[in-house]
Every structure is written in C-alpha cells, then in structure tokens.
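Working notes for the structure below.
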Amino acid sequence: MKRPFAAALAAWVFLTRLPLPAAQLDESDFEAAPGFYPLVGVLIGVIGAAAFALGWAIGGAFIAAIFGTASTLLATGAFHEDGLADLFDGQGATTSQRMMEIMRDSRLGTFGAAALFIVLLLKIAALAQLPFMVALAALPVAHGASRLSAVIVIATSRYARAEGIAKPVAKGIGAAPLVVATLTGIAAVAIGATILGPGAALCGLAGLAIGHISTRLLFERKLGGYTGDCLGAVQQISEVGFYLGTLAWL
C-alpha cells in the first residue's frame with residue numbers, strides 16, 4: 001500500500017455518493033481501497049447515527065430508525081442494496097451464466113424487490129427496538145464490520161466476472177490492505193462494545209457471521225466466486241445480522 005491516503009479516498013469514492021475535493025486517483029489506489037472499506041463503513045454508520053438521533057428527537061424510536069436507515073441509503077446511493085436485489089433476482093437462474101446475466105440487468109425483479117423490502121424492514125424494526133445509546137453505537141459498528149465481512153469474501157474467494165463495476169476488487173486484496181481492514185473492523189467492534197456491552201457485541205458478531213455464511217451459500221456454489229453484487233448482498237445481510245444478534249442479547 002504505497003499511498004494509504006489516496007487508497008482511503010478511493011474507498012470513499014467507490015462506496016459512497018458524497019463528494020470529495022478532486023483527487024488524482026489511479027488504478028492502484030482503487031486496488032488498495034478495500035483496506036479502508038471498514039473505515040468508510042464506520043463513517044457511513046456515523047452519518048446514520050446522527051440521523052437516528054435527529055429522528056429520535058422528532059418522533060421517537062420508529063422515526064429514528066427510518067431516518068438512520070434512509071440516511072445511509074442516501075450516503076451510498078443504495079449501492080449495496082442494489083447488489084442485494086440483483087443477487088436475489090439471480091436466484092431463479094438455473095445456470096451460472098444465466099444468473100450473471102440476470103444480475104447484470106438493471107431492472108428490478110420480484111425476488112429482488114421482496115429481498116430488498118424484507119432487509120430494509122428488518123433494519124428499521126431492529127433499530128427501532130434497540131435502546132437509544134445502543135442503536136447509536138450499533139450503527140457505526142454494524143456498517144464497519146459488515147464492510148469487513150465483504151472484504152473477507154474478496155480475500156477468500158475469487159472474482160467470477162471478467163469485467164464490471166467491481167473491477168477494482170477483481171484482483172483480490174493484498175496482505176497490507178487486508179491487515180488494515182481487519183484491524184479497523186476489530187477496533188470498531190472493540191470500541192462499540194464499550195457501549196453495547198461485551199455480550200451484545202459478541203451476539204452481534206455471531207449474527208453477522210450467520211449472515212456472511214448464509215449469503216455466500218447463495219452465490220459461491222453456482223458462480224464459483226463473487227461479483228460486485230454479491231459483495232453488496234454480503235454487506236447488507238451481515239449488517240442486518242449484527243442488529244438482530246445485538247437485539248437478541250438484550
């Protein structure tokens with residue numbers, strides 16, 4: 001990782017739709033960017049926590065959960081949610097080639113719409129039931145740790161498509177970015193555990209792990225690897241798993 005600051009900027013540019021001052025970024029910066037995905041995830045979660053607090057002040061827990069979820073959608077341009085919907089649309093395919101064709105299609109199908117609705121509903125329902133301070137801590141931790149969940153897929157699987165929007169991660173991840181991503185994710189969980197409590201944090205991680213594994217079962221056997229849509233789906237379901245695991249402890 002020769003230019004860590006540039007790689008961090010590349011991670012922000014790739015994962016969010018929030019503008020940054022013009023920066024000279026090259027292909028190597030985007031290849032190193034996964035090392036900073038968890039950090040960007042934490043920052044997205046902070047945005048969600050701020051919106052959650054605003055919603056709480058306006059109308060209580062349910063409004064807060066909607067505000068928190070909507071703000072992260074706006075921050076990312078529903079980037080990951082789009083991947084989730086595409087992956088579930090592809091579940092009706094009988095071959096890997098057909099599955100990738102369906103996932104590439106910009107139209108939203110029935111399976112994708114249903115999956116997106118359920119996941120968003122679970123996010124809002126879980127956040128609305130968490131105590132105020134727990135929800136504020138859970139948002140940055142869940143967003144950071146779920147991006148690490150996606151990075152783990154990059155590190156342990158292979159890119160299944162020759163080209164596409166996820167091309168910056170097509171070559172996998174180097175040792176240095178992987179270490180940075182892992183340490184960032186661990187730090188986010190450790191810091192968050194001071195508010196969540198060790199038990200809630202561990203249950204949240206257990207829920208995240210279940211989400212990670214179950215999502216990989218949906219695509220790896222058929223595709224023989226991952227695509228950008230698959231990474232988005234892993235992030236989304238891992239995030240929901242963290243909220244549900246945390247809620248289960250309380």
| task | Would you check the accessible area of I58, probe 1.4 Å, heavy atoms only, in square angstrom rounded to 10? | result | 110
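How much of the accessible area of region 82-143, probe 1.4 Å, is carbon plus sulfur, in whole percent? Don't skip to the answer; put the middle values down first.
Details: 1890 of 2930 Å².
The nonpolar share, carbon plus sulfur, comes to 64 percent.
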| Charge dipole (debye, nearest 20) of the chain; +1 at Cβ of Lys and Arg, -1 at Cβ of Asp and Glu | 260
| field | Dipole-positive endmost among I58, F88, V180 within the chain (Cβ charges, Cα centre) | value | V180
| field | Two-decimal log10 I(q)/I(0) for the chain, as the Debye equation yields it once each C-alpha is a single scatterer, q = 0.09, 0.10, 0.13, 0.14 Å⁻¹ | value | -0.35, -0.44, -0.76, -0.88
| remark: Per residue, the convex hull enclosing the alpha carbons of region 63-195 has a volume in Å³ of 121
| task | Just the number, please: Stokes-Einstein D of region 141-250 in µm²/s, Kirkwood Rh from C-alpha pairs, 20 °C, 1.002 mPa s. | result | 152
| Gain on full stretching of the segment that runs from F117 to A187 - 0.36 nm per residue minus C-alpha separation | 22.1 nm
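Quick one: ranking C203, C230 by accessible area, 1.4 Å probe, largest first, what do you get? Walk me through the numbers before you get to the answer.
Working: C203 45, C230 0 Å².
The most accessible residue leads, giving C203, C230.
Between the DSSP loop rule and a limit of at most 15 other Cβ atoms within 10 Å, which trypsin sites (Lys or Arg not before Pro) in region 165-250 are left?
Details: sites: K171, R216, R221, K222; in loops: K171.
In loop regions of region 165-250 (DSSP not H, G, I, E or B), the sparsely surrounded trypsin sites (Lys or Arg not before Pro) are K171.
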| remark: Per GNM of the chain with C-alpha springs under 10 angstrom, the most fluctuating residue out of T69, T110, T227 is T110
| request: Please arrange R98, R147, R107 by accessible surface area, largest first, computed with a 1.4 Å probe and ligands excluded. | output: R107, R98, R147
| request: Report, by chain and number, residues whose modeled amide H sits under 5 Å from the one on Y226, excluding near sequence neighbours (fewer than 5 apart, same chain). | output: R158, Y159, A160
| What aspartates and glutamates sit close enough to K171 to cross-link, taking a C-alpha to C-alpha distance under 13 Å and skipping anything fewer than 8 places away on the same chain? | E27, D29, E31, E163
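What area, in nm² and to one decimal, does the C-alpha convex hull of region 1-136 cast on average over all directions? Could the numbers behind the result be given before it?
Numbers: hull surface 40.8 nm².
The orientation-averaged projected area of the Cα hull of region 1-136 comes to 10.2 nm².
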| request: Obtain the nm distance between the two label points defined at S106 and A57 by a simple spin-label model: each point lies 7 Å from its Cα along the Cα-to-C-beta direction. | output: 3.9
| Gain on full stretching of the segment that runs from L217 to F5 - 0.36 nm per residue minus C-alpha separation | 72.9 nm
| note | CD proxy, 222 nm, the chain: helix-only mean residue ellipticity via -39,500 (n - 2.57) per DSSP H run with n ≥ 4, per residue, nearest 500, stands at -26000 deg cm²/dmol
| Accessible area per residue of region 22-120 at 1.4 Å probe, in Å²? | 47
| Hey, any idea what the orientation-averaged projected area of the convex hull of region 46-90's Cα atoms comes to, in nm²? | 3.3
| Among G45, A155, L73, whose Cα sits farthest toward the positive end of the charge dipole of the chain (+1 at Cβ of Lys/Arg, -1 at Cβ of Asp/Glu, about the Cα centre)? | A155
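The values are calculated or read from the model by the stated rules, or taken from the named source; none is laboratory data. Remember, predicted model here, so these are calculated numbers, not experimental data. Counting neighbours? That spans all protein chains shown, and the Cβs are built from the backbone with ideal geometry, glycine included. The accessibility values were calculated without ligands, DNA or RNA, using every heavy atom of the protein model including side chains. Shrake-Rupley method; radii C 1.70, N 1.55, O 1.52, S 1.80 Å.
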